[in-house]
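K.L.:
Here's a structure for you.
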Amino acid sequence: MRSLFSGQAAEVAEPSEFVNRPLDVKYLLDELERLNAVNPSWQLNVQRAAIIGQSFGGYTALALAGASLNFSQLRQDCNNPKDIWNLSLLLQCRALALPLTQDNLKDWRIKAAIAINPFTSSIFGELGLRKIQIPIAIVSSSADTIAPALPEQIIPFAWLTAERKYLLSIDRASHFSTIGESAAEDADPIPLPAQVIGPNPAIARRYVSILSVAFMETYLDRNPQYRPYLSSSYIQTISQAPLDVSLVSSLPLTQLANSICTVVTAQQNFCPQAYRRGRKES
């Protein structure tokens, strides 16, 4: 990111990162299994792991959760781009340089996943996201100009067929609102203008913390007493201005297209396409 801001780099990431990032997590889990075998005092259950990722990390979380790369959708969207407001497509289209055989990066040890501001629409598409069958939560931010909420999280959420799924939507939050500052003493934070981060990012981070604890306690640790915190009624009680928040566990595509396209002006060029796709699916 610093190289991009300084003009020393022209690309956000190499195409190989779409494969290497999930493989890094697989390697880490393999190493933990090996270390646990030689040191039983650790008592790690690596067979029940969970992952949380933001942005490119959100993509990584979804890939490990079971979403497969959709090269057909990528070719269609990248050769005939329609959503000129979606900056994440510039990154997603980089995956076309990958071998077509590298489409499945799922790790069976991942039993639950949270993806924050992920990009999904073309790299996975509907067919890729339908393959996720573990508990999944997606966080979207209405003022995200990098991976816009409507095409990259909201409509893709409606494609999910997993039995246990949640969409946390944070109003007025940006792509960077949920990212906390590093605690490392030698950390060199990337300077971002306040208007890029958005108002009161601490509120957005609090929402993600609450969702993460309730979601992981419920589906990773199998602790049913946390399930009530994964309800829209509870989330409404913690909603705080200026970043109002909502939680849903289902979203019919036709209802989605009709309601959102009336209020989203910055992404109206995407709405007719999403509506047609929703009508066809329904």
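K.L.:
Can you pull the three principal axis extents for the Cα set of region 60-128, in Å, largest first?
P.N.:
37, 27, 18
K.L.:
Once you have the Cα-Cα distance between ASN200 and GLN47, take 0.36 nm times their residue separation minus that, and quote the gain in nm to one decimal.
P.N.:
This chain segment gains 51.3 nm when fully extended.
K.L.:
Right, something else. In region 93-166, if the dipole is taken from +1 on Lys/Arg beta carbons and -1 on Asp/Glu beta carbons about the Cα centre, which of SER141, PRO156, ASN104 is farthest to the positive end?
P.N.:
Projecting each Cα onto the dipole axis, the largest value belongs to ASN104.
K.L.:
What would the Debye formula give as log10 I(q)/I(0) at q = 0.15, 0.22 Å⁻¹ for the alpha-carbon point model of region 90-161, no solvent?
P.N.:
-0.53, -1.09
K.L.:
What is the spin-label model distance, in nm, from LEU127 to ARG75 if the labels are put 7 Å beyond Cα along the C-beta direction?
P.N.:
1.0 nm
K.L.:
What are the chymotrypsin sites (Phe, Trp or Tyr not before Pro) within region 28-113 that DSSP puts in a loop, where the Cβ has at most 15 other Cβ atoms within 10 Å?
P.N.:
TRP85, TRP108
K.L.:
Sort all Cα-Cα distances of region 40-159 into consecutive 5 angstrom bins from zero, then give the percent of pairs in each bin up to the one containing the longest distance.
P.N.:
Values per bin, smallest distances first: 2, 12, 22, 24, 18, 11, 5, 3, 2, 1, 0, 0.
K.L.:
Further question: Express as a percent, rounded to the nearest 5, the fraction of DSSP beta bridges in region 64-179 (both residues included) that run antiparallel.
P.N.:
Here the share of antiparallel DSSP bridges comes out near 0 percent.
K.L.:
Kindly state, to the nearest 0.05, the FRET efficiency for GLN236 paired with ASN39, given R0 = 35 Å and r defined as their beta-carbon distance.
P.N.:
FRET efficiency, GLN236 to ASN39: 0.15.
K.L.:
Once you charge only the Cβ atoms, +1 for Lys and Arg and -1 for Asp and Glu, what is the size of the charge dipole of region 1-152 about its Cα centre, to the nearest 20 debye?
P.N.:
Charge dipole of region 1-152: 300 debye, to the nearest 20.
K.L.:
For region 17-66, calculate the relative contact order in percent as a whole number, restricting contacts to Cα pairs under 8 Å that are 6 or more residues apart.
P.N.:
38 percent
K.L.:
State, as an integer percentage, the relative contact order of region 127-252 based on alpha-carbon contacts under 8 Å between residues 6 or more apart.
P.N.:
Relative contact order for region 127-252 comes out at 27 percent.
K.L.:
Okay, moving on. How high is the FRET efficiency from ASN20 to ASN104, r the C-beta distance, R0 25 Å, rounded to 0.05?
P.N.:
Calculated transfer efficiency: 0.95.
K.L.:
How much length is gained on full extension from GLU163 to VAL248, taking 0.36 nm per residue of separation minus their Cα-Cα distance?
P.N.:
29.3 nm
No value in this document is a laboratory result; all are computed from the given coordinates. Bear in mind that the values here come from a model prediction, so they are computed numbers and not experimental data. Glycine gets a Cβ as well: all are built from the backbone with ideal geometry, and neighbour counts include every protein chain shown.
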